[in-house]
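Here the structure comes first, spelled out in structure tokens, and everything after it is commentary.
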Amino acid sequence: MVASLAPSNTIAIIGGGIGGLAAALALLRRGVNVDVYEQSTQLKEVGAGIAISSNGTRVLDALGLKEALARIQVVSSGREIRHWKTGETWNWFELGENSAQRYGTRHMFVHRGDLHGILAEAIRGLKSNAIKLGKRCVAITQTDEHVEVRFETGERANAAFVIGADGIHSKVRECLFGADRPEFTGCVAWRGLVPMQCLPAHISRMPGTNWIGPHGHVLHYPVRRGELMNFISIVERDDWKIESWTVEGTTAELANDFCNWHPDVHAIIQKIDTPFKWALMVRGPMERWTKGRITLLGDACHPILPFLGQGGVMAIEDGYVIAACLKRYLADPTTAFARYEDIRRERTTAVVRKSHEFRKQAFNPALADNDAVAVSVAQKWQQALARERLDWLYADDVTALQI
Ligand SMILES: Cc1cc2nc3c(=O)[nH]c(=O)nc-3n(C[C@H](O)[C@H](O)[C@H](O)COP(=O)(O)OP(=O)(O)OC[C@H]3O[C@@H](n4cnc5c(N)ncnc54)[C@H](O)[C@@H]3O)c2cc1C
């Protein structure tokens, strides 16, 4: 007889990524018992940065993490645009002080591992054994009374309700709704980190920088109190279709993808120890996220292309809302899940769609012409337009929702 890992009156979360941990912390803060089952044997995130806009920092602050975040974050001090070939620089928009004034909270850059560590510490402070590692979910079944989760180890866990927060390749989603059909976008994303002291002074600065050019986009910003520079680039390529951050590339291959770009781009690339590459895929919207006692959150139900930097933030928002719904309808979590879906569907669908649309602006073959870049900056990269595009996202406050 295989021992059951959890009492059957708890909520089980499958996946201890940013969304799963945010949901677990939000539930524990509201006094709801929860266990998190994570496949990795160590709790860690990929070595890369993440931008958390004000709509996300507002949630993390509400979860009691403001002081801990202050020890690791970089508060954005502005954003610059640079010409892929000439290096000409334009100010894009100010997010530091302005973000706090305009949206009520800061826009920050953090190392994913640091954010993850802070979430895990806060969870363990409330329930020391809440996060269970080395638990890869391989199957999930439910009856009218409970859900049974099976793991690769042969162990099983019983729970009253389950939240699948197991990311883009979600096993929980597959068990509920069958295999998905991702479509390759023709874009590959690269990520890497560089110690700030390895970069020349004119690059190791605090404003985030977006390099715009034909067939590609480069972005870099500081993380971990400004000790590291986070590098992300996206390039049009059709020869790489693996959607995984554990796949290592080489700096030579990355440099080749941006071979005619400005020397400052290459100055960063050359200092990346291990660049990782990820093929960007799209999936059609799901009609529903819930079946019976099981629901989904984050990338498991609405994976988002990275062009608006919102996938992680949406997972954090989902986690907060699902906890509020479960607390409100604790006696009837089926209603809680229905309410959660109602609240989250429209917003996340809009983010998925707009991220897809923004891809077209980021990849404009006309930018191969040097003069076209200045025209594009004047027409498409103005502060007023950025605000128009982002205000509805950044100003939203899920902590104020009437559930
Ligand atoms: C290039 C790039 C840049 C990005 N930049 C940003 C940004 O700046 N801001 C932003 O908000 N978002 C950004 N995103 C999106 C963001 O990374 C994701 O949307 C976010 O990580 C989703 O969180 P999640 O918790 O849903 O899933 P994940 O972070 O993928 O976490 C899923 C967890 O589940 C675990 N797991 C998986 N399968 C199982 C299983 N069978 N059993 C148990 N555990 C399992 C995994 O190990 C993992 O820990 C970016 C994405 C890309 C590709």
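The values are calculated or read from the model by the stated rules, or taken from the named source; none is laboratory data. These numbers were taken from a predicted model, which means no experiment stands behind them. Quick reminder, even Gly has a Cβ in these numbers, built from the backbone with ideal geometry, and neighbours come from all protein chains shown. Note: accessible area is taken over every heavy atom of the protein model, side chains too, but ligands, DNA and RNA are not part of it. Shrake-Rupley method; radii C 1.70, N 1.55, O 1.52, S 1.80 Å.
Structure notes:
- DSSP bridge orientation in the stretch 1-159 - percent antiparallel, rounded to nearest 5: 70
- Nearest-20 debye value, the chain charge dipole, Cβ charges on Lys, Arg, Asp, Glu: 660
- When only Cα pairs below 8 angstrom with a gap of at least 6 residues are kept, the stretch 62-152 shows a relative contact order of 21 percent.
- Surrounding net charge for ILE403, when Lys and Arg each add one and Asp and Glu each subtract one, Cβ distance under 10 Å: +3
- All aspartates and glutamates inside 15 Å of LYS241 as judged from Cα atoms, apart from same-chain residues fewer than 8 positions distant: GLU183
- Extreme residue, positive dipole direction of the chain, given options HIS83, VAL188, ILE72 (C-beta unit charges): ILE72
- Sulfur and carbon atoms: percent of accessible area, the chain [1.4 Å]: 49
- Nearest 10 degrees, 0 to 90: helix 370-380 Cα axis against the chain principal axis: 50
- Ordered from longest to shortest, the equivalent ellipsoid semi-axes for the stretch 89-240 are 38, 23, 16 Å, each the square root of 5 times a Cα gyration tensor eigenvalue.
- Relative contact order (%) - criterion: Cα under 8 Å, at least six apart; region: the chain: 22
- Cα-based reach from LYS360 at 16 Å (exclusive), listing aspartates and glutamates while leaving out same-chain residues under 8 positions away: GLU236
- Size of the chain: Rg and Dmax of its alpha carbons, in Å, are 21.1, 71.
- The angle between the Cα long axis of helix 383-394 and the main principal axis of the chain comes to about 10°, on a 0 to 90 degree scale.
- Relative packing of peptides 89-95, 337-343 - highest average C-beta neighbours within 10 Å first: 337-343, 89-95
- Lys pairs under 28 Å by Cα in the stretch 59-187, provided they are eight or more residues apart or on distinct chains: 6
- For the chain, the solvent-accessible area with a 1.4 angstrom probe is 41 square angstrom per residue.
- Cα pair distances exceeding 20 angstrom across the stretch 47-116, given as percent: 35
- A protection proxy built from the mean count of other Cβ atoms within 10 Å ranks the segments 321-334, 281-294, most packed first, as 321-334, 281-294.
- Packing around the peptides 21-34, 60-73, taken as the average count of other Cβ atoms within 10 Å per residue, puts them in this order, highest first: 21-34, 60-73.
- Within the stretch 210-253, GluC sites (Glu not before Pro) in DSSP loop having at most 15 other beta-carbon neighbours inside 10 Å: GLU227
- With respect to the chain, whose longest principal axis is taken over its alpha-carbon atoms, helix 18-29 is tilted by about 50°.
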